[in-house]
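Trainee: One structure, as structure tokens, below. Some questions next.
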Amino acid sequence: MKLISLNTGRPRDVEVHGRTVRTSIWKSPRAGRLHVSTLNIAGDEQSDLASHGGTYKAVYCYPSEHYEYWRRELPEADLPWGVFGENLTTEGLLETDVRIGDRLEIGSAEFLVTQPRQPCFKLGIRFGRDDMVTRFVASGRSGFYVRVVRAGDIASGDGIRLAERATGSITVNEIFTLHFDGNGPHDRLRHAAGAPGLSPSWKDSFLKRLER
């Protein structure tokens, strides 16, 4: 497993349908080693802290393996590393294998998997397509967020080590699918809500569905 590209970006204002939207979804590959702190990677900054960022969504990972799929789906699009807004473009970490609560070591930093990405309209802005969010969800290729367990320095080319497996937890793919399935069975909802390290917002969402 490997870190293919380390990407960061600052907020920018974009004109969309007659209004100004502030977004940090534009990420660019960075050379050299960067420090990862509890909330961010050096040189990166979230625009909307109510929806993005925080300790449970400090860093976003997206598998490099998915780029081939998107090249087929969007043949006209330019797809450099980081185009999905990811901080870490990875190799060998697919949503069907990675579990909520897994711990990953990269460089001198350690991360804990907390939730899949739930895309917002800004993904559509980045690609210039109003249907991009729908396509992203339908693809099941969500990527995932991680919490910084141990601050440290990372760089493109670093190996990725599975430091601890969340035995009995739910995979990123399974919980992503369940999130968008309005008729998920109660046992699966309980399993998802009890996933170790799951972000509070996703846990609350599953618990509310159980109450209903």
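Trainee: Write out, first by first residue and then by second, each pair whose Cβ atoms fall under 7 Å of each other, whose residues are 6+ apart or on separate chains, and whose first residue, in region 79-93, is in contact (Cβ under 8 Å) with a residue 12 or more places away in the chain while the second is among the aromatic types (F, W, Y) and in a loop (DSSP other than H, G, I, E, B).
Mentor: The qualifying pairs are T89/W81.
Trainee: Residues in region 171-188: is at least one more than 21 Å from N87 (Cβ to Cβ), in contact (Cβ under 8 Å) with a residue 60 or more places away in the chain and among the basic types (K, R)?
Mentor: no
Trainee: Checking L210 against (1) touching a helix residue (DSSP H, G or I) at 6+ places or on another chain (Cβ under 7 Å); (2) outside any loop (DSSP other than H, G, I, E, B); (3) surrounded by 14 or more Cβ atoms within 10 Å (Cβ to Cβ), which single condition isn't satisfied?
Mentor: Unmet condition: (3).
Trainee: On to the next question. Go through region 101-125 residue by residue and tally those that are under 30 Å from A77 (Cα atoms), in contact with a Lys or Arg (Cβ under 9 Å, 6 or more places away or on another chain) and part of a loop (DSSP other than H, G, I, E, B).
Mentor: 1
Trainee: Another question about this same structure. Just to be sure, is Y60 of a type in the set (S, T, Y), closer than 25 Å to H179 by Cβ, touching a Phe, Trp or Tyr at 6+ places or on another chain (Cβ under 8 Å) and not in a strand (DSSP E or B)?
Mentor: no
Trainee: Here's another thing I want to ask about it. Could you tell me whether any residue of region 149-162 is in contact with a Ser or Thr (Cβ under 6 Å, 6 or more places away or on another chain), part of a loop (DSSP other than H, G, I, E, B) and closer than 16 Å to L112 by Cα?
Mentor: Yes, because at least one residue in region 149-162 is in contact with a Ser or Thr (Cβ under 6 Å, 6 or more places away or on another chain), part of a loop (DSSP other than H, G, I, E, B) and closer than 16 Å to L112 by Cα.
Trainee: Condition first: within 22 Å of I4 (Cα to Cα), outside any loop (DSSP other than H, G, I, E, B) and either without any contact (Cβ under 8 Å) to a residue 40 or more places away in the chain or within 13 Å of the chain's Cα centre (by Cα) (or both). Now tell me which residues in region 126-147 satisfy that.
Mentor: F136, F144, Y145, V146, R147
Trainee: Within region 27-38, restricting attention to residues that are part of a loop (DSSP other than H, G, I, E, B) and either surrounded by fewer than 18 Cβ atoms within 10 Å (Cβ to Cβ) or touching a helix residue (DSSP H, G or I) at 6+ places or on another chain (Cβ under 6 Å) (or both), which residue is modelled with the lowest pLDDT?
Mentor: Among those that are part of a loop (DSSP other than H, G, I, E, B) and either surrounded by fewer than 18 Cβ atoms within 10 Å (Cβ to Cβ) or touching a helix residue (DSSP H, G or I) at 6+ places or on another chain (Cβ under 6 Å) (or both), it is T38.
Trainee: Return the residues of region 1-19 that are at pLDDT 90 or above and either surrounded by fewer than 17 Cβ atoms within 10 Å (Cβ to Cβ) or among the hydrophobic types (A, V, I, L, M, F, W, C) (or both); say none if nothing qualifies.
Mentor: M1, K2, L3, I4, L6, R10, P11, D13 - these are the residues of region 1-19 that are at pLDDT 90 or above and either surrounded by fewer than 17 Cβ atoms within 10 Å (Cβ to Cβ) or among the hydrophobic types (A, V, I, L, M, F, W, C) (or both).
Trainee: So, one more: Kindly provide the set of residues from region 54-68 that are free of Cβ contacts under 8 Å to residues at least 40 places away in the same chain and surrounded by 22 or more Cβ atoms within 10 Å (Cβ to Cβ), ordered by number.
Mentor: none
Trainee: Additional query: Could you identify the single residue in I100, I41 that is closer than 24 Å to R161 by Cα, out of contact with any helix residue (DSSP H, G or I) (no Cβ under 7 Å at 6 or more places or on another chain), β-branched (V, I, T) and at pLDDT 95 or above?
Mentor: Just one listed residue meets the conditions, I41.
The values are calculated or read from the model by the stated rules, or taken from the named source; none is laboratory data. Just so we're clear, the structure is a prediction, and the values are computed from it rather than from any experiment. Glycine also receives a Cβ, built like all others from the backbone with ideal geometry; neighbour counts cover every protein chain displayed.
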